[in-house]
Amino acid sequence: DEQVSITTANITLNGNGALIQPSSLVSDTTQGSPCTNGVGTAIVLVSGVTGVTLNDVSVDGSMINPMPARFIGIFYRNASGAINGGSVTHVRNDPLDGVQNGLGIYVQAKGPTVATVDVDDVTVSGYQKNGITFNGCGCADTPDGVATGSITNSTATGAGAVPVIAQNGIQVGFGAGPVTISGNTITGHRYTGDPNNGTGSGILIFSSQDNVIDLNDVEGGNNGIV
């Protein structure tokens, strides 16, 4: 029942299925976007270090409602490592609404940092906006920070057909990449509200180059790969 913060390099956390489920959270700028240094909130924060591996850890935000600022299940902030096995769930408001917040797994870097994270065999569900996100702080033509790595053999399950928010299973944007997205199952990202507000996507790539997307099962969204 706590937030976990890792700021020491070369740490391996073997969860063996352990559940991290805080009943309260503290928000501050150390958990916010490295692009803006705003306030953020992460259940598990890996910040400013390399070589941090999370093995078979389950993260659950179901005790937190309403969502705090920039709510994230696992956040690699200017940090590198790997996430193997385990799950991230319930990073959302209940009931689900249109607040553009709530990310399952988030990798974000600001220049000159290179954040490399490999996500393998992880189940992500019950998120508000995106399942797994890799973002930089710039764009494809003028990158500011490099967020790269892979997402393999994982599952991202959205809320299905909902009228309140356009969700994405996997997103790579703002100059992040390249990211290899392979062997994943991505379902349930269909927005039934006003299409002028956006649409849901299984995989969303924007302002990013040289990504590899193959051998994924993508269904049940407004779009498959955008």
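Numbers for the structure displayed
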{"item": "Within region 69-100, considering residues that are in a strand (DSSP E or B) and over 16 Å from Gly126 (Cα atoms), the one nearest to the chain's Cα centre (by Cα)", "result": "Phe75"}
{"item": "Residue that is out of contact with any Ser or Thr (no Cβ under 8 Å at 6 or more places or on another chain) and among the acidic types (Asp, Glu), where the choices are Asp60, Asp1, Asp56", "result": "Asp56"}
{"item": "Single residue of region 68-77 satisfying the filter (in contact with a Ser or Thr (Cβ under 7 Å, 6 or more places away or on another chain) and not aliphatic (A, V, I, L, M)) that is surrounded by the most Cβ atoms within 10 Å (Cβ to Cβ)", "result": "Phe71"}
{"item": "Any hit, region 138-149, residues being crowded, with 22+ Cβ neighbours inside 10 Å, farther than 15 Å from Pro178 by Cα and touching a residue at least 40 places away in the same chain (Cβ under 8 Å)", "result": "no"}
{"item": "Residues satisfying the stated conditions in region 78-130, i.e. among the β-branched types (Val, Ile, Thr), farther than 23 Å from Gly48 by Cβ and open to solvent by less than 30 Å² (accessible area, probe 1.4 Å)", "result": "Thr89, Val124"}
{"item": "So Ser24, is it out of contact with any strand residue (DSSP E or B) (no Cβ under 9 Å at 6 or more places or on another chain) and either at pLDDT below 95 or assigned to a loop (DSSP other than H, G, I, E, B) (or both)", "result": "yes"}
{"item": "Index of the failed condition, Asn65 passing every other in (1) open to solvent by 10 Å² or more (accessible area, probe 1.4 Å); (2) more than 23 Å from Ile11 (Cα to Cα); (3) touching a strand residue (DSSP E or B) at 6+ places or on another chain (Cβ under 6 Å)", "result": "(3)"}
{"item": "Restricting region 38-62 to residues that are among the small types (Gly, Ala, Ser) and not in a loop (DSSP other than H, G, I, E, B), the residue that is farthest from Thr12 (Cα to Cα)", "result": "Gly40"}
{"item": "Residues (surrounded by fewer than 17 Cβ atoms within 10 Å (Cβ to Cβ) and in contact with a strand residue (DSSP E or B) (Cβ under 7 Å, 6 or more places away or on another chain)) located in region 150-165", "result": "Asn153, Gly160, Ala161"}
{"item": "From the options Asn55, Asn10, Asn65, residue that is among the polar types (S, T, N, Q) and free of Cβ contacts under 8 Å to residues at least 40 places away in the same chain", "result": "Asn65"}
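The values are calculated or read from the model by the stated rules, or taken from the named source; none is laboratory data. If you're wondering where the values come from, they're calculated on a predicted model, not measured in any experiment. With ideal geometry, Cβ positions are generated from the backbone for all residues, glycine too; neighbour counts draw on all protein chains shown. These accessible areas exclude ligands, DNA and RNA; they are computed on the full protein's heavy atoms, side chains included. Shrake-Rupley method; radii C 1.70, N 1.55, O 1.52, S 1.80 Å.
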